[in-house]
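The values are calculated or read from the model by the stated rules, or taken from the named source; none is laboratory data. This structure is a prediction, so every number in the text was calculated from the model and none was measured. Note that each Cβ is placed from the backbone with ideal geometry, even for glycine, and that neighbours are counted across all protein chains shown. Note: accessible area is taken over every heavy atom of the protein model, side chains too, but ligands, DNA and RNA are not part of it. Shrake-Rupley method; radii C 1.70, N 1.55, O 1.52, S 1.80 Å.
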Amino acid sequence: QVQLVESGGGLVQPGGSLRLSCAASGIIFSICDVGWYRQAPGKQRELVAGITSGGSTNLAESVKGRFTISRVNAKNTVYLQMNSLKPEDTAVYYCNAHRSAGTLYYWGQGTQVTVSS
């Protein structure tokens, strides 16, 4: 019964900040690679940021310098700190996780982020 639950989304003005959380249960999160994806209406789901079980991170060019991904394994949680938000960041944000040595992928339900004045 693996479950991922995203939280922290909401409505924010351009230039504002939000911190998204992805909390996992039913899985040993410390051995998982985790990614934050987003999907805007009419667009493909895209990888925003990823963090490996070893702590290596990567960011999409569109968010580099503004977003930070981190993890606290003791809390089974991965965070996405989003600063200097732009209207084009508006999307549903999803958490994805898989065991580094595994083949099964798990998704959360998504959390809406809306950047608008």
Does any residue of the range 43-62 turn out to be aliphatic (A, V, I, L, M), touching a helix residue (DSSP H, G or I) at 6+ places or on another chain (Cβ under 8 Å) and on the phi < 0 side of the Ramachandran plot? no
Is there a residue in the range 68-77 that is farther than 14 Å from residue 24 by Cβ, outside any strand (DSSP E or B), out of contact with any Ser or Thr (no Cβ under 8 Å at 6 or more places or on another chain) and of a type outside the set (S, T, N, Q)? no
Select from the range 87-108 the residues that are open to solvent by 50 Å² or more (accessible area, probe 1.4 Å) and more than 15 Å from residue 5 (Cβ to Cβ) and write down the one among them that is nearest to the chain's Cα centre (by Cα). 105
Taking the range 5-20 and the residues there that are open to solvent by 20 Å² or more (accessible area, probe 1.4 Å), in a strand (DSSP E or B) and in contact with a Ser or Thr (Cβ under 7 Å, 6 or more places away or on another chain), the one that is nearest to residue 80 (Cα to Cα) would be 7
Check the range 67-86 and report whether any residue there is open to solvent by 60 Å² or more (accessible area, probe 1.4 Å), free of Cβ contacts under 8 Å to residues at least 40 places away in the same chain and within 11 Å of the chain's Cα centre (by Cα). yes
Residues located in the range 25-57, provided they are open to solvent by less than 60 Å² (accessible area, probe 1.4 Å) and of a type in the set (D, E, K, R): 33, 38
Pairs, please: C-beta under 7 Å, at least 6 apart or cross-chain, first residue over 11 Å from residue 106 (Cβ atoms) and in the range 15-31, second loosely packed, with under 12 Cβ neighbours inside 10 Å and at pLDDT below 95? 31/100
